[in-house]
Structures are given as C-alpha cells and as structure tokens.
Amino acid sequence: MNAPVKIETTLKDWETDQEVRWCPGCGDYAILKAVQRTLPQLGSDPANTVFISGIGCSSRFPYYMESYGFHTIHGRAPAVATGVKLANPDLDVWLVTGDGDGLSIGGNHLMHVLRRNVNMQIMLFNNEIYGLTKGQYSPTSREGTRSPSTPIGSVDHPANPCAFALGAGARFVGRGIDVSKNLPDVLKAAHAHQGAAFVEIFQNCIVYNKDVFDDFAAPKGAEDRQLWLEDGEPMLFGSEKTGGAKGLSFDADSLSFRVVEVADGDWQAAGVRVHDAKNRTMAHILAELPFGEFPMPLGVLYDDPRATFESGVSAERERAVSGKQANLAKLLGSGQTWTVDGTAQDPV
C-alpha cells in the first residue's frame, strides 16, 4: 500500500457548514475540535478521509467533518468501516461510536473489527449513559446509576471499554478525556499505529450524566488523579504543589501495583515502574486499576502492531489470481453446461 501524501490544511478546512446539534456544554464539542485540530498536524487529506458512525449523539460526528462519511445504523459502523477499508485500503478511516452504540447492540461488531485488526482509528465516546434516547443507563453506567430504565439504581456491573478491547485482541488501546490538552497526542499515536487503534474518550453528558467524571477529570488537582502513560517513561503522577510526586511500583509476586511516594524526584529509588506499551499483560492490569485507590491511567496503554486484516485479504487475493488470466466467456462456458433449443411457444 502506498503511503498517503501529506497535504497542508487548517482547522477551517475540516469544518462543515452544518449546524452542530449537540446540547450546549456537551463534551462532544471538545472532541470535535480536538480531531479538527489534529488532522492538519497529521497532514491528512479530506479527500482521502472517511468518518463512519452508528447511532447516538456521538454518531452525528460525520456531518461536522469536511470529508467523506457514513452515518450508518445502530452498532453496525464497524461492519461498514471494514467494507470501506477493504474496498479502498488507501483511505484513512475513522470510526466514531459511543458506549451504547459500540458496547450493547454493536459489541459483537466492535469485537470483530478489533480481532481482525482492520487498519482504522476507533473513537468510543464514553459518557456512561444513553444520551440520545433520554438518559437510560448504558453498558458502562456505574452500579447504582439512577435513570429512567433503572429508577432505583442499576445493579449491572459496568463494562470496561479498554479491557473489552484488549480482550477482543486489539493491538492499540488508549484513553483520553474530552477537554484534555493531551487528547490530540493520543489521537496522533492511534493514527500512527498500523491496525485497529481503539481510543476510549471520557465525555461529559451535560444533561443526563453531568460531571460524572469530575472525580478524575476536573482540572483542579488533576495531577493527583490522572496518570498519563508514555512508553519508556516512569509511571509518575502528582506534584509538589499537591503534596508531592507519586508513582506506581509493581509487585511481581502478587502481580499488582501499589502507589509509592517519590522523594526528591528519585523515582528509581522508589521503585516506580517504567511503562512498556508493548506489555499486554501490564496493559490489562492498568485498564482495570480501581480509581480512588489509584489514579486514572490515561494515554497509550498498549501499542504493539501486527499485520492488518486488509493486507492479509489483499495478499490472499493476489495468490488466488496469480498466473491466471481473466476470461469471463471461458468461465461461463466451463463446467456443466446446457444448450437450450426451441422457443417459449414451442419448447423442447
């Protein structure tokens, strides 16, 4: 596959003339701007870019990107995106879904696009609620969530999108927050990955689940509650302003992390673990760290590429036709054939 030619664009080149129809204050606005700012930095070409979505608030996204796009049906965006990528592997495909669209009716389709490793970026907007259909609880809603469909509190144990992606065989798993200045860096890393790159984005639903992520997403004191992971760098969080730097050390016997204090910046002496983005087991543990006892792991949890689905399909197709000459008449005349005589009025 030829590498796409990078072109110069600005944020304005990616904005459409469509009215953005999200609720005022919705976190989707911040994600939209983050993507529109990131694509020019990637040298992306609107004529070579496709945004594909399912159903839900997040799935309005293709209308607001000045590129090609499909607004498909509930949960089936991965199937459509796979077809687009197989039809034209040179296209830059972005799949946009939500916690309801992607993990309920679309969970099966999302699993298969991840395990097949189709080369695309998958953004799952997680607001832990069904926003478009008026606030019912979703697969990621926390236990006890009160909603029109769970008036006395949900008893479901919520799905963990990053753990789901890793379990489905994803080769890239990242996390971000809608209003975070670091979100574009996660999107750039996902785009650089060859294969299915899954990014969970915590997104504030201003109407039905307002500020549900404030315990770790609120700007004030975020240093103590967020762990931004970077490959090859120590797992550090906190600051001197908020009581001192901390880090995560790893106990090999119990296969578990613990929080340690870091004195005078000497993280090695404190036993702080260095993040290895290719360590799948460690990524699983990080994805499921309980928040509160630990900070929220963000950034690139896992990044270990392998051959993509479409490259395998293309290679198989080449092997199938190698040394053969296309001849439709010969094909139609081969095998068991019949000669038909007579007419409808005088059948034989």
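The values are calculated or read from the model by the stated rules, or taken from the named source; none is laboratory data. Since the model is a prediction, treat every value here as computed from it, not as a measurement. Please note: Cβ atoms are built from the backbone with ideal geometry, for glycine as well, and neighbour counts cover all protein chains shown. Only protein heavy atoms, including side chains, enter the accessible area calculation; ligands, DNA and RNA are left aside. Shrake-Rupley method; radii C 1.70, N 1.55, O 1.52, S 1.80 Å.
Here are the numbers for this structure:
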item: Test: residue in region 117-127 that is more than 19 Å from Val35 (Cα to Cα), out of contact with any Leu (no Cβ under 7 Å at 6 or more places or on another chain) and not aliphatic (A, V, I, L, M); result: yes
item: Close pairs from region 131-159: first closer than 15 Å to Ile105 by Cα, partner aromatic (Phe, Trp, Tyr), Cβ under 6 Å, at least 6 apart; result: Gln136/Tyr130; Ser138/Tyr130
item: Enumeration of residues in region 35-57 that are open to solvent by 10 Å² or more (accessible area, probe 1.4 Å), touching a residue at least 60 places away in the same chain (Cβ under 8 Å) and part of a helix (DSSP H, G or I); result: Arg37, Gln41, Leu42, Cys57
item: Check on Gln268, surrounded by fewer than 19 Cβ atoms within 10 Å (Cβ to Cβ), in contact with a Pro (Cβ under 9 Å, 6 or more places away or on another chain) and part of a helix (DSSP H, G or I); result: yes
item: Filter result for Ala307 (more than 17 Å from Phe164 (Cβ to Cβ) and more than 25 Å from the chain's Cα centre (by Cα)); result: no
item: Subset tally (residues that are in contact with a strand residue (DSSP E or B) (Cβ under 6 Å, 6 or more places away or on another chain), in a helix (DSSP H, G or I) and touching a residue at least 40 places away in the same chain (Cβ under 8 Å)) for region 81-112; result: 4
item: Residue match in region 337-346 (condition: part of a helix (DSSP H, G or I) and open to solvent by less than 70 Å² (accessible area, probe 1.4 Å)); result: no
item: Within region 64-80, considering residues that are of a type in the set (A, V, I, L, M, F, W, C) and touching a strand residue (DSSP E or B) at 6+ places or on another chain (Cβ under 6 Å), the one nearest to Leu39 (Cα to Cα); result: Met65
item: Cross-chain or 6+ apart pairs with Cβ under 8 Å, region 210-223 first and within 20 Å of Cys23 (Cβ to Cβ), then β-branched (Val, Ile, Thr); result: Val212/Ile129; Phe213/Ile177; Ala217/Ile177; Ala217/Val179
item: Residues located in region 9-29, provided they are surrounded by 14 or more Cβ atoms within 10 Å (Cβ to Cβ), among the charged types (D, E, K, R) and either assigned to a loop (DSSP other than H, G, I, E, B) or out of contact with any Lys or Arg (no Cβ under 9 Å at 6 or more places or on another chain) (or both); result: Asp13, Glu15
item: From Asn88, Asn108, Asn126, Asn117, residue being of a type in the set (S, T, N, Q) and under 12 Å from the mean Cα position of the chain (by Cα); result: Asn126
